[in-house]
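Q: Quick one: the structure is below, and I'll ask about it shortly.
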Amino acid sequence: MKALVKRAAEPGLDLVDVPEPVVGSGQVLIRVARTGICGTDLHIRSWDPSVRSMVTPPVVLGHEIAGHVAEVGPGVDTLVEGDLVSVEGHIVCGRCRNCRAGRRQLCPNTRGVGVHRDGGFAEYIAVPAGNVWRHPAELDIEVAAIFDPFGNAVHSALAFPVLGEDVLVTGAGPIGIMAAAVARHAGARHVVVTDVSQYRLELARSTGVTKAVDPTSVDLRDVMSELDMKEGWDVGLEMSGAPSALSSMLDTMANGGRIALLGLPSSDEAPFDWMKTITSMLTIKGIYGREMYETWYAMSVLVAAGLDITPVITHRFPYHQFDEAFDTASSGRCGKVLLDWSEV
Ligand code: NAD
Ligand code: ZN
């Protein structure tokens, strides 16, 4: 089968023929239809120092996966051939304290699909049945393909109650934009998004945020006055990884404010205002991945209730144009970029 493989510990990614995966006990084989390109995939392609210790080539990349069940392994009775599914890309150990308590997202032995083991930039992938989320057959397959980053957005946006609250989202990447949409859907009053890219700000505006502003030219305190906000943001969702974005968020939070931190820091020297956190009595929660599987349940319910996340998908490429797709994703002049594997 065709697959996008990181073949050596150096920059690059190759489309090659590899053997189809064998379906083990408790696993299912998925015929991949669409995959999303994530920042991690870009880092692995360019062989950034940040990912070198995680990846041992050769490995098939890709963890934002939608497809149909093609074969069910021995012992699997929860899925049948033809089911439309997405994949939870964190495979947990099932044996540690957190796994056994049902807090799978806190497993310290997590292995990443398309990072530590073969992923879904391929015609087929075999995964444990427990990592598969089944959708109604009529769900838009492109929406199914972005359930992984949508899950990051839902996990963050619902980390704290937002009903009636004023929410600041720093970073209007696909995840920030979806998190803003979830916060609005969940009843937030004002949802203000910041980004330094005009393309991304326009995309955020098109999805109906209260305001989308460039923090290098607009002062967040002026935005607050315009909106008649007196005390600061009640909830902050940090989705850029930019140290300056976190600083300005900490500066403008209301006392007792709550922050969900998802953006992975772009620098080792991310400043952290310890004093402000104490004196403003802030709560800060790190967010990694998705809750297994409460976030998945919430995602399905939100989509069924009419939350439309399709505007965040801006580009589609057939799998063999992967270089162009990766370059588009790297350029930042895009929302979510999808690869189509249906024509292999
Ligand atoms: P992205 O890179 O597409 O979006 C980040 C956005 O932040 C960009 O649009 C960028 O222009 C913007 N930005 C840069 N500097 C800024 C600043 N000073 N103020 C405001 N915005 C600024 O990424 P994404 O796919 O939307 O993911 C969002 C973040 O979450 C990334 O940092 C990513 O690495 C991280 N992430 C974390 C997890 C997790 O489980 N914790 C999972 C996936 C992604
Ligand atoms: Zn575990």
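Q: Quick one: how many residues across segment 284-299 are buried (at least 18 other Cβ atoms within 10 Å of the Cβ) and assigned to a helix (DSSP H, G or I)?
A: Within segment 284-299, residues that are buried (at least 18 other Cβ atoms within 10 Å of the Cβ) and assigned to a helix (DSSP H, G or I) number 4.
Q: Looking at segment 255-266, can you tell me whether even one residue there is out of contact with any strand residue (DSSP E or B) (no Cβ under 9 Å at 6 or more places or on another chain), more than 16 Å from ligand 2 (Cβ to nearest atom) and of a type in the set (Gly, Ala, Ser)?
A: Going through segment 255-266, the residues out of contact with any strand residue (DSSP E or B) (no Cβ under 9 Å at 6 or more places or on another chain) turn out to be 255, 264-266.
Then drop every residue that is not more than 16 Å from ligand 2 (Cβ to nearest atom), which leaves 255, 264-266.
When the remaining residues are screened for being of a type in the set (Gly, Ala, Ser), the result is 266.
The answer is yes; a qualifying residue exists.
Here's the yes/no breakdown for (1) among the polar types (S, T, N, Q); (2) over 15 Å from VAL113 (Cα atoms); (3) touching a strand residue (DSSP E or B) at 6+ places or on another chain (Cβ under 8 Å):
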position	(1), (2), (3)
LEU4	no, no, yes
PRO11	no, yes, no
VAL32	no, no, yes
VAL51	no, no, no
VAL72	no, yes, yes
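Q: Which of the residues that make up segment 53-76 are part of a loop (DSSP other than H, G, I, E, B) and crowded, with 19+ Cβ neighbours inside 10 Å? Steps first, please.
A: The first filter runs over segment 53-76 and keeps only residues part of a loop (DSSP other than H, G, I, E, B), leaving 53-58, 61-63, 73-76.
Within segment 53-76, VAL55, LEU61, GLY62, HIS63, VAL76 meet the criteria.
Q: Continuing with the same structure: If you scan segment 94-141, which residues turn out to be assigned to a helix (DSSP H, G or I), surrounded by fewer than 19 Cβ atoms within 10 Å (Cβ to Cβ) and within 18 Å of the chain's Cα centre (by Cα)?
A: LEU106, ILE141
Listed here are the residues, each with its yes/no results for (1) surrounded by 13 or more Cβ atoms within 10 Å (Cβ to Cβ); (2) in contact with a Leu (Cβ under 8 Å, 6 or more places away or on another chain); (3) farther than 21 Å from TYR319 by Cβ.
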{"position": "GLU10", "(1), (2), (3)": "no, no, yes"}
{"position": "VAL22", "(1), (2), (3)": "no, no, yes"}
{"position": "SER25", "(1), (2), (3)": "no, no, yes"}
{"position": "CYS38", "(1), (2), (3)": "yes, no, no"}
{"position": "ILE44", "(1), (2), (3)": "yes, yes, no"}
{"position": "VAL51", "(1), (2), (3)": "yes, no, yes"}
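Q: Enumerate the strands (runs of 3 or more DSSP E) found wholly within segment 198-261, keeping only those where 3 or more residues are open to solvent by less than 40 Å² (accessible area, probe 1.4 Å).
A: 233-238, 253-261
Q: With the structure loaded, tell me whether ARG316 is charged (D, E, K, R) and part of a loop (DSSP other than H, G, I, E, B) or whether it fails that test.
A: Values: charged (D, E, K, R): yes; part of a loop (DSSP other than H, G, I, E, B): no.
No, not satisfied.
Q: Inspect segment 77-88 for any residue being in contact (Cβ under 8 Å) with a residue 12 or more places away in the chain, assigned by TED's automatic domain parsing to the domain that holds ILE30, within 16 Å of ligand 2 (Cβ to nearest atom) and not in a strand (DSSP E or B) and give the result as yes or no.
A: Going residue by residue through segment 77-88, those that are in contact (Cβ under 8 Å) with a residue 12 or more places away in the chain are 78-79, 81-88.
Still in the running and assigned by TED's automatic domain parsing to the domain that holds ILE30: 78-79, 81-88.
Subset that is within 16 Å of ligand 2 (Cβ to nearest atom): 88.
If we keep only those that are not in a strand (DSSP E or B) as well, we get 88.
Yes, segment 77-88 contains a residue that is in contact (Cβ under 8 Å) with a residue 12 or more places away in the chain, assigned by TED's automatic domain parsing to the domain that holds ILE30, within 16 Å of ligand 2 (Cβ to nearest atom) and not in a strand (DSSP E or B).
The values are calculated or read from the model by the stated rules, or taken from the named source; none is laboratory data. What you see is a predicted model, and the numbers here were worked out from it, not measured in a lab. Please note: Cβ atoms are built from the backbone with ideal geometry, for glycine as well, and neighbour counts cover all protein chains shown. These accessible areas exclude ligands, DNA and RNA; they are computed on the full protein's heavy atoms, side chains included. Shrake-Rupley method; radii C 1.70, N 1.55, O 1.52, S 1.80 Å.
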